[in-house]
Amino acid sequence: MVGFKATDVPPTATVKFLGAGTAACIADLITFPLDTAKVRLQIQGESQGLVRTAASAQYRGVLGTILTMVRTEGPRSLYNGLVAGLQRQMSFASVRIGLYDSVKQFYTKGSEHAGIGSRLLAGSTTGALAVAVAQPTDVVKVRFQAQARAGGGRRYQSTVEAYKTIAREEGIRGLWKGTSPNVARNAIVNCAELVTYDLIKDTLLKANLMTDDLPCHFTSAFGAGFCTTVIASPVDVVKTRYMNSALGQYHSAGHCALTMLRKEGPRAFYKGFMPSFLRLGSWNVVMFVTYEQLKRALMAAYQSREAPF
């Protein structure tokens, strides 16, 4: 057995909730530069309008984007929006991942045998609920990642200023910009990510191909990351473009998607695919492996504390 051993008592909802948020923050700290590169590639080619983006830098590929950002803006630019990103993960992942098992049990009425329909329903529910809680943090994160430091003033100087500026200039609704595509994206992402992880892990365990430890968690997480990227990339690109747009640039998420299709063609919906896959693949591996270990560690600590002397 590699890592912490599974405890006899299943992890509580609180342990899952806290473990998911913490694991997601750890995964974000490690993979954030890839996410920033993905955002820059996704907004490249977008009409500049009133918004100053880094599109003029003509980024090429994941490594090229990262090297260009480091050369023109400094290494710290790779972590633009990290504070909002961690705020997002602590509130967002805690709900969409930490509550997944509880919601799945609710839909199956406590049954241990959950069908694919119940899993998809649970994934969609927690994904949409998480957006309702954490949307403003996602808007601020995307805005920070999209802004370039070199050659001019930045749109926002700090996370707190970003929240205040968006609320003042665009109204409270500005903080909830892109909620519709984000609900769609995260319902899709959650289903692809959690349900795929769930199914791959169950299949490996039932077929006795692996035991419930680190190699199994790694394999399941990597597969989930690839499936999620393929399915969710088009919605993710639209979400990023719409959130980063100036007031009035797009009338709706649908208008944003149609504008992309008309001006840039279908391939625009898969802009930034490689950094998306590198980010989601690595993020899933780090998050799920950490999450599984945190659940076991927290439950072991809880049991040792409750055990009589």
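Can you find even one residue in segment 12-19 that is more than 25 Å from M260 (Cβ to Cβ), open to solvent by less than 10 Å² (accessible area, probe 1.4 Å) and modelled with pLDDT of 80 or more?
Within segment 12-19, one or more residues are more than 25 Å from M260 (Cβ to Cβ), open to solvent by less than 10 Å² (accessible area, probe 1.4 Å) and modelled with pLDDT of 80 or more.
Can you work out which of the residues in segment 61-70 that are of a type outside the set (G, A, S) and at pLDDT 85 or above is surrounded by the most Cβ atoms within 10 Å (Cβ to Cβ)?
Among those residues, the one meeting the criterion is T65.
Take the residues in segment 83-120 that are among the aliphatic types (A, V, I, L, M) and assigned to a loop (DSSP other than H, G, I, E, B), then tell me which one is farthest from L280 (Cα to Cα).
Step by step, filter segment 83-120, then rank; the result is A114.
Go through segment 243-264 and give me each residue that's within 21 Å of P275 (Cβ to Cβ) and modelled with pLDDT of 85 or more.
C256, A257, M260, E264
Taking only pairs six or more apart or across chains, which ones have beta-carbon atoms under 9 Å, a first residue in segment 64-93 that is closer than 13 Å to R40 by Cα, and a second residue that is β-branched (V, I, T) and open to solvent by 30 Å² or more (accessible area, probe 1.4 Å)?
Once the first residue is closer than 13 Å to R40 by Cα and sits in segment 64-93, its partners that are β-branched (V, I, T) and open to solvent by 30 Å² or more (accessible area, probe 1.4 Å) give S77/V70; L78/I66; L78/V70.
Pull up segment 107-138, narrow it to residues that are within 30 Å of I166 (Cα to Cα) and of a type in the set (V, I, T), then point me to the one that is surrounded by the fewest Cβ atoms within 10 Å (Cβ to Cβ).
Ranking the qualifying residues of segment 107-138, first place goes to V133.
Exactly one condition in (1) touching a Lys or Arg at 6+ places or on another chain (Cβ under 8 Å); (2) open to solvent by 60 Å² or more (accessible area, probe 1.4 Å) is not met by E161; state its number.
Tallying (1) touching a Lys or Arg at 6+ places or on another chain (Cβ under 8 Å); (2) open to solvent by 60 Å² or more (accessible area, probe 1.4 Å), E161 fails exactly one: (1).
Among the residues of segment 154-191, which ones are outside any helix (DSSP H, G or I), among the basic types (K, R) and either under 15 Å from A84 (Cα atoms) or modelled with pLDDT under 80 (or both)?
Correct list: R154, R155.
Identify all residues within segment 73-106 that are open to solvent by 40 Å² or more (accessible area, probe 1.4 Å) and out of contact with any helix residue (DSSP H, G or I) (no Cβ under 7 Å at 6 or more places or on another chain); write none if there are none.
If the condition is that a residue be open to solvent by 40 Å² or more (accessible area, probe 1.4 Å) and out of contact with any helix residue (DSSP H, G or I) (no Cβ under 7 Å at 6 or more places or on another chain), then P75, R76, Q105, F106 are the ones that fit.
Using beta carbons and a limit of 6 Å, which pairs, at least six apart or on different chains, have the first residue in segment 100-119 and farther than 22 Å from T14 by Cβ and the second one open to solvent by 40 Å² or more (accessible area, probe 1.4 Å) and among the acidic types (D, E)?
Close Cβ pairs satisfying both conditions: none exist.
Could you please let me know if R143 is in contact (Cβ under 8 Å) with a residue 24 or more places away in the chain and in a loop (DSSP other than H, G, I, E, B)?
When the stated conditions are applied, R143 does not pass them.
Quick check on F144: is it touching an Asp or Glu at 6+ places or on another chain (Cβ under 9 Å) and modelled with pLDDT under 90?
no
Residues in segment 20-60 that are polar (S, T, N, Q), modelled with pLDDT under 80 and open to solvent by 40 Å² or more (accessible area, probe 1.4 Å): how many?
Qualifying residue count, segment 20-60: 4.
Among the helices (runs of 4 or more DSSP H) confined wholly to segment 192-309, which include 2 or more residues that are open to solvent by 60 Å² or more (accessible area, probe 1.4 Å) and farther than 25 Å from P33 by Cβ?
It comes to 196-206, 253-264, 273-306.
The values are calculated or read from the model by the stated rules, or taken from the named source; none is laboratory data. Bear in mind the structure is a predicted one, so any value in this text is a computation, not a measurement. Don't worry about glycine lacking a Cβ; one is built from the backbone with ideal geometry, like all the others, and counts go over all protein chains shown. Calculation scope for accessible area: heavy atoms of the full protein, side chains included, ligands and nucleic acids excluded. Shrake-Rupley method; radii C 1.70, N 1.55, O 1.52, S 1.80 Å.
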